[in-house]
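Right, one structure below, let's go through it.
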Amino acid sequence: MSDTNATLKLDGKDTSLPVLSGSVGPDVVDIRKLYADTGAFTYDPGFTSTASCRSAITYIDGEEGVLLHRGYPIDQLAEQSSFTEVAYLLLHGELPTRDELDSFTYTISRHTMVHEQLATFFRGFRRDAHPMAIMCGVVGALSAFYHDSTDITDPKQRMIASHRLIAKMPTIAAMAYKYSIGQPFLYPDNTLSYTGNFLRMTFGVPAEHYEVNPILERAMDRIFILHADHEQNASTSTVRLAGSSGANPFACIAAGIACLWGPAHGGANEAALNMLREIGRPEHIPEYIARAKDKDDPFRLMGFGHRVYKNYDPRAKVMQQTAEEVLKELNISDPVLDTARELEQIALKDDYFIEKKLYPNVDFYSGVILNAIGFPSDMFTVLFALARTVGWVAQWNEMISDPEQKIGRPRQLYVGDTERQYVPVGSR
Ligand code: ACO
């Protein structure tokens with residue numbers, strides 16, 4: 001509710017704008033009536049100062065490096081919770097009781113299979129297709145298979161569609177991987193945990209028993225928790241915008257996957273690992289730091305910087321610790337991890353990075369861990385999409401149940417030609 005007002009002076013006329021306060025975080029100036037009252041729009045490409053919705057799911061304080069899901073700090077969730085529990089929390093707003101968690105886990109495990117006909121979709125893709133291309137296509141295609149849960153006005157159908165998406169993403173992600181390496185698909189094993197089942201479908205083969213390594217299972221689960229939601233980021237905003245027209249949830253999540261694919265968003269962990277490999281040895285670091293600082297060179301330190309965090313990304317801390325644990329468990333000494341550690345130390349002491357408040361983000365260490373577990377780098381963004389599906393469906397549900405929800409339709413500052421007369425082609 002509004003306690004105060006801001007005054008905008010435009011063409012000599014004062015317009016009063018309500019100022020709204022959330023439970024924590026910056027106030028927002030409510031400009032919904034601005035156009036009606038003044039005839040002017042606001043201009044904010046990239047939404048750097050614009051709150052697009054009300055949300056009670058995730059809170060970020062970028063200056064302090066804080067990330068809360070439904071009020072719970074991300075490091076506590078990463079240390080003490082499980083991905084399935086975090087999924088429940090994001091969807092329902094509260095941590096589940098033991099019975100609620102058991103029932104939710106059971107429900108998710110009963111939706112892990114995909115329609116048998118969906119498997120034939122994979123054959124339409126080139127075998128060297130990027131798995132994110134496959135994910136966009138196959139997840140979008142789910143709307144053709146589960147049409148019985150696409151009445152978005154029915155909360156029950158919305159929840160069934162959400163459960164289906166959360167449950168089927170690991171199956172589809174593992175199928176995308178198996179297809180790319182020419183191995184048979186594995187059916188889910190619902191006696192395993194959400195993450196253990198995913199590891200088995202990805203790395204197991206039908207001819208052999210697959211034993212889930214509990215340390216890798218825990219590390220992978222933690223990576224999923226760290227990627228579960230992140231407020232109104234580009235892909236979540238894409239899901240909300242697609243959903244605002246009433247589009248079905250499977251199509252909306254496919255839109256989110258497409259947005260996540262970009263190197264400035266979910267593709268950054270793949271780019272970060274490629275960069276660390278390219279740097280190769282710690283003695284090459286100064287050359288890359290110099291390139292990152294050179295205005296005429298488009299090179300950026302991948303895995304560094306964030307639109308919101310102007311302090312250490314709290315997820316990066318957990319990720320670094322997980323990288324150390326996984327490499328120790330697997331008895332791997334990866335020079336890429338040494339390069340990453342050294343690059344971080346050098347960048348954190350460099351004036352350019354200090355002044356621009358550029359810190360490692362969640363993607364800086366995740367590639368090292370995923371590579372050690374055995375994922376090829378083109379699968380990294382797929383894993384991000386798998387985990388972020390939980391946030392996407394939670395945010396989509398919140399949007400659909402919000403009485404203030406409207407179709408998203410931004411305005412523009414038009415800079416093109418003004419009206420002119422058509423000239424027939426022979427006279428041009
Ligand atoms: N390396 C070098 N310089 C950088 C970097 C970087 N990684 N990131 C930002 N800068 C510089 C920019 O050149 C710019 O300098 P200028 O003010 O002199 O022009 C300044 O810092 C601000 O950068 P912007 O691009 O305006 O900041 P924005 O908030 O738009 O971008 C982004 C954030 C896209 C994440 C950016 O930091 C970046 O490209 N980082 C590398 C890619 C990456 O790691 N993305 C993952 C993000 S996290 C996620 O999606 C899960």
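The values are calculated or read from the model by the stated rules, or taken from the named source; none is laboratory data. As the structure is a prediction and not an experimental result, all values here were calculated from the model. Neighbour counts run over all protein chains shown; Cβ positions are idealised from the backbone, glycine included. Keep in mind that these areas ignore ligands, DNA and RNA; they rest on the heavy atoms of the full protein, side chains included. Shrake-Rupley method; radii C 1.70, N 1.55, O 1.52, S 1.80 Å.
One residue is enough: does the range 32-39 have a residue meeting the conditions out of contact with any strand residue (DSSP E or B) (no Cβ under 6 Å at 6 or more places or on another chain), open to solvent by 50 Å² or more (accessible area, probe 1.4 Å) and in a helix (DSSP H, G or I)?
Here is the first cut: in the range 32-39, the residues out of contact with any strand residue (DSSP E or B) (no Cβ under 6 Å at 6 or more places or on another chain) are 32-36, 39.
After this cut, where a residue has to be open to solvent by 50 Å² or more (accessible area, probe 1.4 Å) as well, the list is 32-33, 35-36, 39.
Now restrict to residues that are in a helix (DSSP H, G or I): 35-36.
The answer is yes; a qualifying residue exists.
For the range 377-408, the candidate set comprises residues that are more than 20 Å from ALA258 (Cβ to Cβ) and in contact (Cβ under 8 Å) with a residue 24 or more places away in the chain; within that set, the residue that is least open to solvent (accessible area, probe 1.4 Å) is ASN397.
Where helices (runs of 4 or more DSSP H) sit wholly within the range 63-132, those with at least 1 residues that are closer than 29 Å to MET319 by Cα and among the aliphatic types (A, V, I, L, M) occupy 74-80, 83-92, 98-109. In the range 79-115, the residue that is surrounded by the fewest Cβ atoms within 10 Å (Cβ to Cβ) out of those that are among the acidic types (Asp, Glu) and farther than 27 Å from THR381 by Cβ is ASP99.
Scanning the range 140-194 for residues being out of contact with any helix residue (DSSP H, G or I) (no Cβ under 9 Å at 6 or more places or on another chain) and either within 16 Å of THR389 (Cβ to Cβ) or β-branched (Val, Ile, Thr) (or both) gives a total of 1.
Looking at the structure I just gave you, is MET302 at pLDDT 90 or above and part of a helix (DSSP H, G or I)?
No; evaluated as a whole, the condition is false for this residue.
Between ALA173, ALA144, the distinction of being at pLDDT below 95, out of contact with any Pro (no Cβ under 6 Å at 6 or more places or on another chain) and either assigned to a helix (DSSP H, G or I) or basic (Lys, Arg) (or both) belongs to ALA144 only. Among the residues making up the range 291-318, those that are more than 11 Å from the ligand (Cβ to nearest atom) and out of contact with any strand residue (DSSP E or B) (no Cβ under 6 Å at 6 or more places or on another chain) are ASP296, ASN311, TYR312, LYS317, VAL318.
Selection within the range 147-163: residues that are open to solvent by 30 Å² or more (accessible area, probe 1.4 Å) and in a helix (DSSP H, G or I). The member of this set that is modelled with the lowest pLDDT is ASP148.
Sub-7 Å Cβ pairs linking a first residue in the range 352-367 that is touching a residue at least 60 places away in the same chain (Cβ under 8 Å) and near the ligand (Cβ under 9 Å from one of its atoms) to a second residue that is of a type outside the set (A, V, I, L, M) and open to solvent by 70 Å² or more (accessible area, probe 1.4 Å), at least 6 apart or interchain, are TYR352/LYS293, ordered by first then second residue. For the range 351-368, a tally of residues being farther than 19 Å from GLY65 by Cα and loosely packed, with under 15 Cβ neighbours inside 10 Å returns 2.
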